[in-house]
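Encoded as C-alpha cells, the structure appears first; notes follow it.
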Amino acid sequence: MRLNLTHKIHSIALVILVLMAIAAIHSIRLTALISDDLNAITTGILPVTEKISRINVHALEQGVLLERMIIEISAAGEHKELVKTRKQFAHIGSLTVNEFEEARALLQTVIDTGLNSSLSIPVLIQKLDSIEEIYINHETHGLLLIDHPTKVSEDFDSKVGDLIIHQDALDASIADLRRHVEVVTNETVDFANKLEHELLVTNIALTLTAAIVGISFAIIVTRILMRAVQNLVNGTEAVERGDLDTNVEVLSQDEVGRLTGSFNHMVGELRLKERIKDTFGKYMDPRIVTSLLDNPELSEPRGDRHEMTVLFIDLKGFTSISEALEPFDLVLMVNNFFSHMTDAISDNNGVVDKFMGDAVMAYWGPPFNSSEEHATLACKAALSALQHLDEFREDVREKLGAKADDLEIDLRIGISTGDMIIGTIGSRVSMNFTVIGDPVNLGARLEGANKAYGTHILISERTHEMAHKSIRCREMDLIRVKGKSNPTRIYEVNNAIHASTHFQSGIELYRSQSWSQAISAFDAAFLDHPTDPAVQVYLNRIAHLQSIPPAADWDGVWNFETK
C-alpha cells in the first residue's frame, strides 16, 4: 500500500490519538468505579450506619421505658401509666422495624450498584436480619413484661432477667454489625484507593507509551524521509558536478519517492542529451547541438541576420602532401590537424561550422558571442592556430617519422566580418546550422589571398575596425576579389612583424605610381624585416607595372582574377 507523507503523518497522529483514547476510556472506567464505590459509601453504607445507630437508640428508649416501669412497680407495687407505656413501647418498636426495612433496602441498593466489595454486603444483611430477629425477641419480651398480669411475682422477675439477656444480646449484635459496617467501609475505601492508584499508574504508562510510540514512529518516518531527501541532495550535487551517471535509490512510494523517480528520469534525460551532444558534437559544434536540443524550433528552416565574423583555415600544400602519404597516414595527419585547429577555435569561443577537405570554417557572433567581441575572438583564434601549427608539426614528425621530412606543413587563414544570415539551411533530408552571405565568401577569398603575399592571416577592413585595439595589424593591400566590383582593404595579423613606417609609405607611394620612391621605401622596409615576403611581393609588382604601366585611371586596387 502506498502511503504519502500526509498519510504517514496522519498515521502517527492516529496512533497517538488511539493510545490517548485508550488511556481516556480506561481512566473514565476507573473513575466511574471509584465514583460508584464512593456513592455506595455515601448513599448506602453511611446511611445504614445511621439506621443501625437509630435502631440502637430505639432499643435503648424501649429499655428506658421498661426500666422506668420496673422501678415504679418496685417502689409502688403498680404502674399507673401502663397503657401509655405500652403504646410508646409499641410505637418505638414500629419505628425500629421501619429502620430495619430501610437499612435492608439500602444494603440491597448497594448490591444492585455492583460495588466491588459487595461480597461483604450479604454478610451484612445476614447480620442485620439476625439483629432484627434478636430485636423482635427483645420487643416481644418487653411487651410480655408490660402485659404481665402480676407485676410482682417470681415469673415477672424471671422475664425481667430474660429481657436483660435479650438486651445484652441485642447490644452485642449491634456492636458486631457496626464493626462489620466499618470493615465494609474500609474495604470500599481501600478498593477506591487501589483504583485511584491503578488509574494514576495506567495514565502514566499509557502516556509514556503514547509518547514513546509517537516519538519512535516520528523518528522512523523522519529518518526514512531525511535519508531519501539526503540521497536527493547528494544526487543533485553529483549532477551539479557533472556526474550524469547518478541514480538515486527510491526508498518509498510517497511524494519523496515519486520526486526521486522524477529526478532519476530527469537525470536520464540529461544523460541522453549529453550522449546526443557528445555524439553529434563530433559532427558539429556542441553549442549548436545544445541550442537545437534546448530550442527545437531552431531546427526549422529559418535564418536571422547579424553582424558576425567568419574564419577559414586551410592546410597549405595539401595536394602534394596527400600524394606523398599513404591513405592511413594522410587520415591521421588531417585528423590531427583538425584537432589542433578545433582547439584553437574552441579556446576562443568559436563555433566550428564544417570541415572541407583540408580546410576548417568557423564563425563568431550572436547567439554564441556578444556583438562587440566576435572579431577580436576570431583574430585571437587565428593567432592560436599558428601556435598550434608548431605543435602539429611536432606531432606529424613523431607519428610519421622520416616520411615527414619532405613535407611542407603550413596554413593560411582568412577572416571577414559583416552582416550574415545564420540559421538552419539545407534540403528536406539534410540540414546544417550555418552562416551565409558576402562576408563569408570574402573570408574564403582572403584565405586564398595569403598565397599572393606569403602571409598566414589576412583580415577584412571591418574586422580590422573592430579588433585593431586588441590585435597587432598592418595594412596589406587594397584588392578587388573576383565577382566583386567594390575594392576591399585588407590587413595582416602578425605579432612577429612590427608595423613599419617604411612599408606603409611604400604602399602609399605605390598607389600614387611613384615607382622609384616606392622602391626606396620597400627597400628600407626590407632592411627592417629581411624575412618579410610582402616586401618582395610589392617590389615584383612595381617592376611589372613599370614594364606594363597601368591605365591612367588606375586607383591602386589590385584585382584577383581567381578564387
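The values are calculated or read from the model by the stated rules, or taken from the named source; none is laboratory data. If you're wondering where the values come from, they're calculated on a predicted model, not measured in any experiment. Here the Cβ is made from the backbone with ideal geometry for all residues, glycine too, and neighbour counts use every protein chain on show.
Tabulated results
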read-out	value
Count of segment 411-451 residues which are among the aliphatic types (A, V, I, L, M), without any contact (Cβ under 8 Å) to a residue 60 or more places away in the chain and crowded, with 18+ Cβ neighbours inside 10 Å	1
Some residue of segment 104-123 being at pLDDT 80 or above, closer than 27 Å to THR188 by Cα and among the aliphatic types (A, V, I, L, M)	yes
Some residue of segment 209-217 being out of contact with any helix residue (DSSP H, G or I) (no Cβ under 7 Å at 6 or more places or on another chain) and either under 30 Å from LEU46 (Cα atoms) or among the hydroxyl-bearing types (Ser, Thr, Tyr) (or both)	yes
LEU377 vs. criteria surrounded by 18 or more Cβ atoms within 10 Å (Cβ to Cβ) and either outside the structural domain of THR319 (by TED's automatic domain parsing) or not in a strand (DSSP E or B) (or both)	yes
The lone exception for GLU508 - which of (1) of a type in the set (Asp, Glu); (2) in a strand (DSSP E or B); (3) surrounded by fewer than 17 Cβ atoms within 10 Å (Cβ to Cβ) it fails	(2)
Which listed residue is surrounded by 15 or more Cβ atoms within 10 Å (Cβ to Cβ), under 25 Å from GLY414 (Cβ atoms), under 60 Å from the mean Cα position of the chain (by Cα) and assigned by TED's automatic domain parsing to the domain that holds SER416, from ILE471, ILE479	ILE471
In segment 523-563, residue modelled with the highest pLDDT [restricted to those that are among the charged types (D, E, K, R) and part of a loop (DSSP other than H, G, I, E, B)]	ASP532
Filtered residues of segment 338-361 (kept if under 14 Å from PHE312 (Cβ atoms) and in contact with a Phe, Trp or Tyr (Cβ under 8 Å, 6 or more places away or on another chain))	PHE338, GLY350, VAL351, ASP353, PHE355, GLY357, ASP358, ALA359, VAL360, MET361
Qualifying position, being over 20 Å from SER11 (Cα atoms) and among the hydrophobic types (A, V, I, L, M, F, W, C), among LEU251, LEU225, LEU259	LEU259
Condition check for PHE392: modelled with pLDDT under 95, part of a strand (DSSP E or B) and under 26 Å from TYR453 (Cβ atoms)	no
Evaluation of ALA518 against (1) touching a Gly at 6+ places or on another chain (Cβ under 6 Å); (2) surrounded by fewer than 15 Cβ atoms within 10 Å (Cβ to Cβ) (one fails), failing number	(2)
Selected residue [among the aromatic types (Phe, Trp, Tyr) and free of Cβ contacts under 8 Å to residues at least 24 places away in the same chain] from PHE560, PHE526, PHE503	PHE526
Residue that is under 23 Å from ASN494 (Cα atoms), out of contact with any Cys (no Cβ under 6 Å at 6 or more places or on another chain) and surrounded by fewer than 22 Cβ atoms within 10 Å (Cβ to Cβ), where the choices are ARG397, ARG393	ARG393
Top-ranked residue of segment 222-271 - restricted to ones that are outside any helix (DSSP H, G or I) and among the charged types (D, E, K, R), ranked as surrounded by the most Cβ atoms within 10 Å (Cβ to Cβ)	ASP254
